[in-house]
Amino acid sequence: MTHIMGLSGSLRRASFNSGLLRAAVQVAPDSVKLSPGSIRGVPLYDADLETEQGLPLPVQDLQQGLAAADGLLLVTPEYNNGVPGVFKNVIDWMSRGDGLALFDGKPVAVVGASPGGFGTVMAQAHWLPVLRTLKADLWTGGRMLVSRAATVFDDDGNLTDEKTREMLAEFIAGFAKHLNRN
Ligand code: FNR
């Protein structure tokens with residue numbers, strides 16, 4: 001069984017990106033277990049808090065999830081042509097403690113959805129220097145940019161468009177194949 005950890009970078013209830021992650025869980029091949037991690041409850045990074053109290057429990061949970069995963073799927077919204085601070089904050093926390101070792105060489109894939117016409121292309125590119133710094137193994141064998149999200153998700157953020165689900169299934173299968181390459 002191939003284990004992928006998925007993270008959506010949005011806290012919005014009807015988030016397109018959380019919906020995209022839910023759909024990814026549904027369309028993943030039988031041989032793949034895609035486990036969504038929760039970014040809820042992660043405080044803003046504060047070095048004093050870290051010194052005084054260590055890593056917050058939600059961060060420790062996320063690190064354990066990453067340690068147990070063969071690969072990481074980032075499902076990123078785009079804010080002002082970049083990575084949302086909420087999401088970057090989570091990855092920054094996860095890189096603390098023994099976290100750098102968890103990212104080192106870890107295969108990572110990035111997808112995203114936005115209501116505009118460019119489907120998070122800038123945010124996905126914005127992740128590159130972060131992933132390089134973390135020495136992650138970015139998988140570039142597939143591309144998934146969900147644009148005009150309001151037309152393919154319902155009001156609850158569920159992916160309703162069959163063609164997009166097929167593209168997502170192909171993306172996840174390709175990433176899983178990469179994880180099983182050895
Ligand atoms: C946005 N949004 C947005 N969308 C985009 O495609 N490019 C962008 O640069 C921005 N910029 C931006 C800035 C800020 C501060 C907000 C709050 C929003 C719109 C964004 O894609 C939209 O809110 C999505 O619904 C966010 O993703 P979730 O929460 O639906 O997953």
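Of note:
- Estimated 222 nm signal from helices in the chain, with DSSP H stretches of n ≥ 4 weighted -39500 (n - 2.57), rounded to 500: -13000 deg cm²/dmol
- List ASP98, ASP70, ASP48, ordered by accessible area with a 1.4 Å probe, largest first: ASP98, ASP48, ASP70
- Look at the alpha carbon pairs under 8 Å that are at least 6 residues apart: their mean separation over the length of the chain gives a relative contact order of 28 percent.
- Estimated distance in nm for a label pair at GLN26 and GLU52, the labels positioned 7 Å out from Cα along Cα-to-Cβ: 4.5 nm
- For the chain, accessible area per residue (1.4 Å probe, heavy atoms of protein chains only), Å²: 51 Å²
- Leading residue at positive end of dipole, the chain (Cβ point charges), from GLN124, THR140, GLN60: THR140
- D by Stokes-Einstein for the chain, Kirkwood Rh over Cα pairs, 37 °C, 0.692 mPa s: 201 µm²/s.
- With every protein chain in place, region 2-181: carbon and sulfur % of accessible area (1.4 Å): 51 percent
- A simple charge model with +1 on the Cβ of Lys and Arg, -1 on the Cβ of Asp and Glu and nothing else charged puts the dipole of region 2-181 at about 420 debye relative to its Cα centre.
- Antiparallel bridge percentage (DSSP; both residues within region 54-150; nearest 5): 10 percent
- For the chain, share of DSSP beta bridges that run antiparallel, in % to the nearest 5: 10 percent
The values are calculated or read from the model by the stated rules, or taken from the named source; none is laboratory data. Remember, predicted model here, so these are calculated numbers, not experimental data. Note: ideal-geometry Cβ built from the backbone for every residue, glycine included; neighbour counts use all protein chains shown. Protein only, heavy atoms only, side chains kept; ligands, DNA and RNA dropped before computing areas. Shrake-Rupley method; radii C 1.70, N 1.55, O 1.52, S 1.80 Å.
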